[in-house]
Amino acid sequence: MPAMLPTLKGQKINLRRVHKSDAESIYRYARDNEISRYTFLPNPYRIDDAYRFISTTHAALRAKKAFIFGIEHKQEKKIIGMISLEQVNFQHLLAEAGYWLGKQFWGQGIAKEALQLLLNFGFKQLKLNRIYARVMHPNTASCRLLERTGFRKEGVMRKAVWRDGLWLDLIWYAILKDEFKEFMKRNR
Ligand SMILES: CC(C)(COP(=O)(O)OP(=O)(O)OC[C@H]1O[C@@H](n2cnc3c(N)ncnc32)[C@H](O)[C@@H]1OP(=O)(O)O)[C@@H](O)C(=O)NCCC(=O)NCCS
């Protein structure tokens, strides 16, 4: 298991550890209502939330509880979103994937690239066997992203989140190590 968070190199993006100097960037994108709508990010999002979050990512890594990466745009050289493996359980070899991306970067295949890098890290370096994700209904973009990276829908937790005066269902997705290997072979 890596003692430090490695930088995972992609084509349009890299995944890397975030630093205090990334707080402004994280704040700029995370404060958008369209990001908090289907995530558990604070709303309103303040600059202090970004600083606190950055410290949390370091503490979680030290405790080996979560591996939280900034999504760095290679051309713009700044953090444009976050992606993570949390609830990491080394007894049962599983973890939960979570992510968000600044709105101006949606629809360019960036989340797909980031998620593939994350899965590769989770299955190969952390040697996990199962990575799952929970999506609030109706977050179509996130469901589609998971399906396009080889996740399978496993079930629905009905009325699991109270959001803006409404109960939302949580849709559970997961991908197993063997399924990821197959998926990568087919999409090479
Ligand atoms: C979910 C999210 C990360 C997707 O990011 P993205 O970079 O736009 O996704 P990609 O461009 O990699 O697209 C992946 C797939 O989803 C599809 N997709 C993306 N947005 C979509 C939308 N709004 N409706 C339908 N399909 C969509 C893409 O077409 C692509 O499928 P394809 O390969 O068949 O073309 C982004 O919308 C986001 O940050 N949303 C707010 C935060 C959030 O909801 N996080 C997830 C919580 S579970």
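Below, the figures for the structure above:
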read-out	value
Residues located in the stretch 127-137, provided they are within 10 Å of the ligand (Cβ to nearest atom) and over 12 Å from the mean Cα position of the chain (by Cα)	M136
Boolean, K124 is modelled with pLDDT under 95, away from the ligand (no atom under 16 Å from the Cβ) and open to solvent by 40 Å² or more (accessible area, probe 1.4 Å)	no
Which numbered condition S25 fails, given (1) over 15 Å from the mean Cα position of the chain (by Cα); (2) under 18 Å from G98 (Cα atoms)	(2)
Tally of residues being open to solvent by 30 Å² or more (accessible area, probe 1.4 Å) and either within 8 Å of the ligand (Cβ to nearest atom) or under 12 Å from the mean Cα position of the chain (by Cα) (or both) across the stretch 88-99	1
E76 vs. criteria away from the ligand (no atom under 13 Å from the Cβ), open to solvent by 10 Å² or more (accessible area, probe 1.4 Å), within 25 Å of K12 (Cα to Cα) and over 11 Å from the mean Cα position of the chain (by Cα)	yes
Helices (runs of 4 or more DSSP H) enclosed by the stretch 1-118 - at least 2 residues per element that are in contact with a helix residue (DSSP H, G or I) (Cβ under 9 Å, 6 or more places away or on another chain), touching a residue at least 24 places away in the same chain (Cβ under 8 Å) and not hydrophobic (A, V, I, L, M, F, W, C)	23-30
Scope the stretch 1-43; condition away from the ligand (no atom under 16 Å from the Cβ), at pLDDT 95 or above and not aliphatic (A, V, I, L, M); matching residues	P6, T7, K9, R16, R17, H19, K20, S21, D22, E24
Positions within the stretch 111-121 being more than 13 Å from G70 (Cβ to Cβ), within 10 Å of the ligand (Cβ to nearest atom) and not basic (K, R), in sequence order	A111, E113, L115, Q116
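The values are calculated or read from the model by the stated rules, or taken from the named source; none is laboratory data. It should be emphasised that the depicted structure is a prediction, and the values quoted were computed from it without experimental measurement. Positions of Cβ are backbone-derived with ideal geometry, glycine not excepted, and every protein chain shown enters the neighbour counts. Surface areas here come from the heavy atoms of the whole protein model, side chains and all, with no ligands, DNA or RNA. Shrake-Rupley method; radii C 1.70, N 1.55, O 1.52, S 1.80 Å.
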